[in-house]
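Everything on this sheet refers to the single structure shown next.
The values are calculated or read from the model by the stated rules, or taken from the named source; none is laboratory data. The model shown is predicted, which means the values in this text are computed figures rather than measured ones. Here the Cβ is made from the backbone with ideal geometry for all residues, glycine too, and neighbour counts use every protein chain on show. We work out accessible area using only protein heavy atoms, side chains counted, and drop any ligands, DNA or RNA first. Shrake-Rupley method; radii C 1.70, N 1.55, O 1.52, S 1.80 Å.
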Amino acid sequence: MNFSDFSLNPSLLQAVEESTYDEPTEIQKQSIPFILAKHDVMARAQTGTGKTAAFALPILENLLSSDAEQLMIRALVLTPTRELAQQVHRSFDKYGQFTELKIGIAYGGVSTKKQIQDISTGLDVLIATPGRLLDLVRTGNLSLEFVNTVVFDEADRMLDMGFKDEIDQVRKYLPIEIQTLLFSATFADDIYKMAKSILINPKIVEIDDKNTAAEDIEQVIYSVDEDRKRELTSFLIGSRNWKQVLVFTRTKQSADHLAKEMTKDGVKSVAIHGDKSQGARDKALLEFKEGKIRALVATDVASRGIDIKDLKYVVNYELPYNAEDYVHRIGRTARAGKSGIATSLVDVSEEWLLTAIEELLDIRLLKQWLPGYEPDLTKSKSTKSKPTSKKTARNKALTGNKIGKSRDDNNRRRRR
Ligand code: AMP
């Protein structure tokens with residue numbers, strides 16, 4: 001399938017061509033026709049799947065083919081974070097670069113002046129975070145009366161961040177007859193609830209996670225108490241029969257201690273870090289490559305440049321203080337098209353580090369509990385961990401996929 005099969009405006013096809021996309025991704029193949037046909041859509045897709053183009057291209061096409069007055073905000077995209085707003089804005093700019101359409105952005109934390117100026121000169125598409133959008137509407141600087149398509153991007157994250165009220169408020173300012181598109185990384189119960197209240201006869205699009213354009217690394221997060229991490233690491237390596245594992249710690253002391261303890265657990269381990277001589281490091285690495293050592297316990301600095309062919313497993317025993325180090329760490333696996341599993345053990349004091357990683361990668365990393373290693377919630381009330389059963393709940397929700405089925409299908413739009 002080609003992008004030209006969607007019969008998009010030549011100016012959009014030109015932008016796609018310049019982006020050197022060979023063919024539409026799965027989410028694009030499935031969503032674009034529905035959006036072009038003005039259906040409501042509920043789509044499950046993560047960042048990295050090409051989801052932005054999946055809604056941006058058909059929205060731009062619909063704007064180009066409509067004879068409505070230009071320079072009125074007719075498409076609104078709501079995002080949970082400023083970073084995502086900027087990313088989506090860049091995508092719209094890229095895909096719309098050969099059109100006359102004007103794309104604007106509005107998010108909090110910066111002065112409203114420039115945003116108000118942009119809005120007053122006329123926009124066709126606005127990408128915004130909910131809080132700032134409401135500010136602009138309430139102060140009379142923005143009208144949403146001509147919006148005919150609204151996108152809730154990363155809706156799950158919006159709910160997680162407590163934007164439910166803002167979403168409800170924004171909807172009050174939107175026209176009654178409107179195309180609504182909901183994109184979410186998960187279809188958890190709260191997303192179904194939201195979908196039921198805002199979508200009319202939606203087309204459901206779900207893509208297999210295997211089809212993501214993102215690197216082929218499975219990222220697994222276990223919430224666990226700090227004092228049980230060592231035991232859990234040895235358990236995972238042993239019970240899952242991982243033969244060659246790179247384990248990361250934050251400090252040299254922690255690396256030394258962990259390697260010793262894991263060896264006592266029966267998982268032969270050696271630590272490498274900056275205090276070890278080059279000779280000792282080379283020897284450890286060689287033995288690891290040859291399979292004489294099962295776990296190499298490394299600090300971030302020591303791990304730089306280590307390239308172990310076919311390494312499949314990485315464990316983040318402690319999350320790094322620098323989110324970019326996380327990317328380097330997990331990038332040790334899944335090299336050259338191979339798949340890999342990166343498992344992170346996160347105790348309650350590290351939640352903020354996980355959030356920083358999620359922000360950097362612009363994805364949500366679902367925390368799980370491994371039975372027998374559940375964190376003791378009585379120790380800290382601040383944990384926000386969710387049990388593994390969330391996945392089961394999600395699957396259950398998916399099988400109960402009945403949204404809109406009871407409503408008539410004759411283009412009835414929402415009435416309030
Ligand atoms: P997104 O999931 O929207 O964040 O997109 C992830 C990345 O995939 C972005 O860098 C896009 O430029 C890129 N992308 C989007 N569509 C395609 C495509 N059809 N082929 C290749 N890359 C794409």
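So who's got an amide H within less than 5 Å of the one on Ala271, skipping anything under 5 residues away but keeping other chains? H placed 1.01 Å off N, in plane. The answer is Val297. Taking a quarter of the surface of the Cα convex hull of segment 14-110 gives a mean projected area of 6.8 nm². Per residue, the accessible area of the chain comes to 47 Å² when a 1.4 Å probe rolls over the protein heavy atoms. Per-residue surface analysis assigns Leu232 an accessible area of about 0 Å², computed on protein heavy atoms at 1.4 Å probe radius.
In this structure, the amide hydrogen of Val205, modeled 1.01 Å from its nitrogen in the peptide plane, lies closer than 5 angstrom to those of Met42, Ala43, Arg44, counting only residues at least 5 positions away or on a different chain. Using only the Cα atoms of the chain, build the gyration tensor, take square roots of its eigenvalues as a ≥ b ≥ c, and label the shape rounded, prolate or oblate: rounded if a/c is under 1.5, else prolate if a/b is larger than b/c, else oblate. Here the chain falls in the prolate category. With a threshold of 19 Å on the Cα-Cα distance, the over-threshold entries among Lys252/Lys276; Lys229/Lys289; Lys289/Lys367 are Lys229/Lys289; Lys289/Lys367.
Centre-to-centre separation between the Cα atoms of segment 101-124 and those of segment 1-76: 23 Å. Under 5 Å between amide hydrogens, built in the peptide plane, is the criterion, and for Val151 it picks out Leu76, Val77, Leu78, Leu181 among residues at least 5 positions away or on other chains. GNM remark for the chain: springs join alpha carbons under 10 Å apart, and the peak mean-square fluctuation among Leu370, Leu182, Leu60 falls on Leu370. Report, to the nearest whole %, how much of the accessible area of the chain belongs to carbon and sulfur atoms, 1.4 Å probe, protein only. Summing carbon and sulfur atoms, their accessible area is 49 percent of the total for the chain.
Placing pseudo-labels 7 Å out from each Cα toward the beta carbon at Asp5 and Asp190 gives an inter-label distance of 3.7 nm.
Of Phe288, Phe187, Phe92, which is the most mobile in a GNM of the chain whose springs link Cα atoms less than 10 angstrom apart? Sorting by GNM fluctuation, first place goes to Phe288. Measuring nothing but how far apart in sequence close Cα pairs (under 8 Å, 6+ apart) lie, relative to its length, segment 3-206 scores a relative contact order of 28 percent.
For segment 137-150, putting each phi into the Karplus relation 6.51 cos²θ - 1.76 cosθ + 1.60 with θ = phi - 60° gives couplings of 5, 5, 8, x, 8, 8, 10, 10, 5, 9, 5, 10, 9, 10 Hz, in residue order, rounded to whole numbers and with x for Gly and Pro. The GluC sites (Glu not before Pro) of segment 1-89 that DSSP puts in a loop, and whose beta carbon has at most 13 other beta carbons within 10 Å, are Glu69. Across segment 40-46, coupling constants 3J(HN,Hα) worked out from phi with the 6.51/-1.76/1.60 Karplus curve, θ = phi - 60°, read 6, 9, 10, 10, 9, 7, 8 Hz, and Gly and Pro carry x. Sequentially through segment 84-94, phi angles give Karplus couplings (6.51, -1.76, 1.60; θ = phi - 60°) of 5, 4, 5, 5, 5, 4, 4, 5, 4, 4, 5 Hz, Gly and Pro residues having no value and appearing as x.
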